[in-house]
Amino acid sequence: MSTVKDVISLRFKSQQADGVLVHGEGQKGDYITLELQQARLILQLNLDESKPRRGSTRSAVTLGSLLDDHHWHSVLIERFSRWVNFTVDHHTQHFQTQGEEDSLEVNYELSFGGIPLPGKPGTFLKENFHGCMENLYYNGVNIIDLAKRRKPQIYSTGNVTFHCSEAQPLSVTFRSLDSFLTVPADLGTESFSARLQIRTHSDPPTQLYSEQTVSDGQWHSLRVEMKGPQVFLTVDNQGSIISEAKHQVTSGKRPAVVLFGGCATSLPNLVCESGALGLQGCMRLMFVNNYPVNLLHVQQRTLGNYSQLDFDVCGIRDRCTPNYCEHGGQCTQSWSQFYCNCSGTSYTGATCHSRQFTYSTIPLALSLCLH
């Protein structure tokens, strides 16, 4: 199949940050891939058989951010010859493919939701998509309708259903450094554990530090365990960081209160460490001693206590998308603002917009000839 014009449109929602939505390739090296990477959509398109296959960063175009929020997002890819319009949620990027070829030759099948290996059903080259798709069209053809009617040119692999039944875990947003959430805990043994998923642009206020960053705006899993005098911190199921606890868990101290977020100074009999700071970010899938924290009961104030929280939503924003830093400036961000690092750009200012002038002194030699 060789085409000079292609139009692909769909809507999707997912809780996963990575996964292939669309893929097609040909024997001569042409390919098209649309995939989620770290909750951003990346379109890779190669029409020139002389160029390397997947992995060439020159053919990759990125749009969107925080697209694993389990909300519906729309995608439109319009290609005519080497000119491409790539649109995600009404934000469009126009680009031109590399090379001289103007047709896309897809000799193999066009797949949605993954890249299956030929001859090995259920095996995928990359992480496949987990979530829901609707309004899926390729060059005017309703792909989902063909699949529902079991047309012979369409086949599915794995767990594919025709209804979107994916349950969304409840999230809670800590919108200020004073936000907190407390829940009771039964410390019947001399050990304690808490685990959760966190999403933030700020460094968490903890005295245990891991080499893995959790302030990149992606969801990360944290687990804290206290066993006797030792505290274990595990980030994204990697190796644990071990530290000594200032206080040990004893079975005689019950009931107890577990605090998430900042210090709850408004609550009686609760003492925080000096200089303790809160967290601005989101949490979900919270467990205390392997028991889930029911955020719905917390919101209804039938469990624990809280202040300055937003329930059932993760209110994080990506302030570096779009990137307002000019002339190659690097964008970093906190919960409420972004910053531009203008190092090496020859520009300065809040958004690297002002040209830096370098003055130099050039010695001049003046000779006078008198006649």
Original post:
Taking R175 and the conditions (1) within 24 Å of T265 (Cα to Cα); (2) touching a helix residue (DSSP H, G or I) at 6+ places or on another chain (Cβ under 8 Å), which numbered condition does it fall short on, given that it satisfies the others?
Top reply: (2)
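The rows are residues; the columns are (1) closer than 21 Å to T200 by Cα; (2) at pLDDT 85 or above.
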{"site": "G252", "(1), (2)": "no, no"}
{"site": "T265", "(1), (2)": "no, no"}
{"site": "G278", "(1), (2)": "yes, no"}
{"site": "G281", "(1), (2)": "yes, yes"}
{"site": "L295", "(1), (2)": "yes, yes"}
{"site": "Y306", "(1), (2)": "yes, yes"}
{"site": "G315", "(1), (2)": "yes, yes"}
Subject >> Residue in region 283-293 that is modelled with the highest pLDDT, counting only those that are surrounded by 14 or more Cβ atoms within 10 Å (Cβ to Cβ) and either over 16 Å from L170 (Cβ atoms) or not aliphatic (A, V, I, L, M) (or both) >> reply: R284
Subject >> Residue that is farthest from R319 (Cα to Cα) [pool: residues in region 211-231 that are assigned to a strand (DSSP E or B) and over 26 Å from the mean Cα position of the chain (by Cα)] >> reply: K227
Original post:
What number of residues within region 16-37 satisfy the criterion of being surrounded by 19 or more Cβ atoms within 10 Å (Cβ to Cβ), of a type in the set (S, T, N, Q) and either without any contact (Cβ under 8 Å) to a residue 24 or more places away in the chain or not in a strand (DSSP E or B) (or both)?
Top reply: 0
Subject >> 2 or more residues small (G, A, S) and assigned by TED's automatic domain parsing to the domain that holds V288: qualifying strands (runs of 3 or more DSSP E) within region 158-200 >> reply: 191-200
Subject >> Residues located in region 303-348, provided they are in a loop (DSSP other than H, G, I, E, B), among the aliphatic types (A, V, I, L, M) and under 25 Å from the mean Cα position of the chain (by Cα) >> reply: V313, I316
**OP:** Return yes when F95 is modelled with pLDDT of 90 or more and of a type in the set (F, W, Y) and no when it is not.
**Re:** yes
**OP:** Run down Y155, Y138 and say which single residue is surrounded by 16 or more Cβ atoms within 10 Å (Cβ to Cβ) and of a type outside the set (A, V, I, L, M).
**Re:** Y138
Original post:
Mind checking which pairs have a first residue in region 79-108 that is under 17 Å from R11 (Cα atoms) and a second that is in a strand (DSSP E or B) and among the acidic types (D, E), Cβ under 6 Å, 6 or more apart or different chains?
Top reply: N85/E78
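The values are calculated or read from the model by the stated rules, or taken from the named source; none is laboratory data. None of these values were measured; they are calculated from a predicted model. Every residue, glycine among them, receives a Cβ derived from its backbone with ideal geometry; neighbour counts consider all protein chains shown.
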